[in-house]
1. Given R₀ = 30 Å, what would the calculated FRET efficiency be for R68 paired with R44, taking r from the Cβ atoms and rounding to 0.05?
2. What percentage of the solvent-accessible surface of region 144-222, computed with a 1.4 Å probe over protein heavy atoms, is contributed by carbon and sulfur atoms?
3. Using heavy-atom solvent-accessible surface (probe 1.4 Å) with all chains present, what is the largest-first order of F12, F159?
4. So for the pair R97, R187, with labels modelled 7 Å out along Cα→Cβ, what separation do we get in nm?
5. Region 77-144: D in µm²/s via Stokes-Einstein (Kirkwood Rh, Cα pairs, 25 °C, 0.890 mPa s)?
6. What net charge is computed for the residues neighbouring L28, neighbours being all others with C-beta under 13 Å from the C-beta of L28, Lys and Arg scored +1, Asp and Glu -1?
7. Subtract the Cα-Cα distance of Q163 and E177 from 0.36 nm times their separation in residues, and report this length gain in nm to one decimal.
8. Cross-link candidates for K59: which aspartates and glutamates have Cα within less than 15 Å, leaving aside residues fewer than 8 places away along the same chain?
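The values are calculated or read from the model by the stated rules, or taken from the named source; none is laboratory data. The structure presented is a predicted model; accordingly, all values stated were derived computationally and were not measured. Every residue, glycine among them, receives a Cβ derived from its backbone with ideal geometry; neighbour counts consider all protein chains shown. Just the protein is used for accessible areas: all its heavy atoms, side chains included, with ligands, DNA and RNA removed. Shrake-Rupley method; radii C 1.70, N 1.55, O 1.52, S 1.80 Å.
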Amino acid sequence: PAATSRGIAVAFTPSDSGTSTVELTWGLILSLMRRIPEVDRRMRQEPWPPVAGRLVEGKTIGVIGLGRIGKQVTRIAKAFKARVLATGRTLTEERAREVGAEAVSLETLLRESDIVTIHVPLRPETRGLIGEKEIALMKRGAILINTARGPIVSQAALFEALQTGHLGGAGLDVFDEEPLPMDHPLRRLDNVVLLSHRGYATVEILRERYQQAMENILNFLD
């Protein structure tokens with residue numbers, strides 16, 4: 001209304017299906033479970049790194065937020081023959097069962113999951129959702145994936161858990177401050193895979209968004 005009253009047209013490019021973020025989530029999971037970045041780095045420093053990864057099959061995956069993206073992540077997890085626990089503010093047992101997940105409390109999900117992946121929007125009630133207390137509940141050696149928004153997870157608590165070895169690793173596409181400062185302590189850890197907010201950034205999605213933006217401009221001029 002404020003823009004309209006000033007003669008300003010507001011347009012947007014419809015959001016994508018979330019597939020690009022889903023695929024990136026799984027890229028981070030597999031990178032950490034099979035230690036792909038670590039082995040790649042070491043292949044440039046030594047002849048044949050004897051590094052053993054871990055299977056996804058048979059593991060328990062905790063999905064925080066079973067919405068558009070969380071559901072797709074869950075369906076892929078089932079293809080890996082993993083057990084999936086899910087939690088969400090409005091999640092029902094029936095909706096969880098539809099995609100092969102079990103609806104549980106956040107505490108149960110954190111205690112039982114080998115992999116925890118976050119797919120909730122940043123709202124007042126989700127800011128700091130995963131803090132020191134929640135990370136302490138997680139299994140020793142578990143991994144945490146965040147492709148949602150940085151402030152959902154306490155970066156200080158996460159850094160401490162990664163540094164002490166309580167968590168086995170983290171895959172992060174989002175941060176409290178973006179771009180991530182070059183001197184940020186997360187950059188010094190070997191058990192973290194860091195990305196520059198690439199969840200949406202594929203050639204296909206960007207081409208679609210630019211096309212939609214141009215159509216919006218032309219429609220306005222017409």
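1. 0.20
2. The value for region 144-222 is 55 percent carbon and sulfur by accessible area.
3. These residues rank, largest area first, as F12, F159.
4. Each label point lies 7 Å from its Cα, and together they span 5.0 nm.
5. D, rounded to a whole number, is 191 µm²/s.
6. Once positives and negatives cancel, what remains is +1.
7. So the chain would gain 3.0 nm between Q163 and E177.
8. E102, E112, D114
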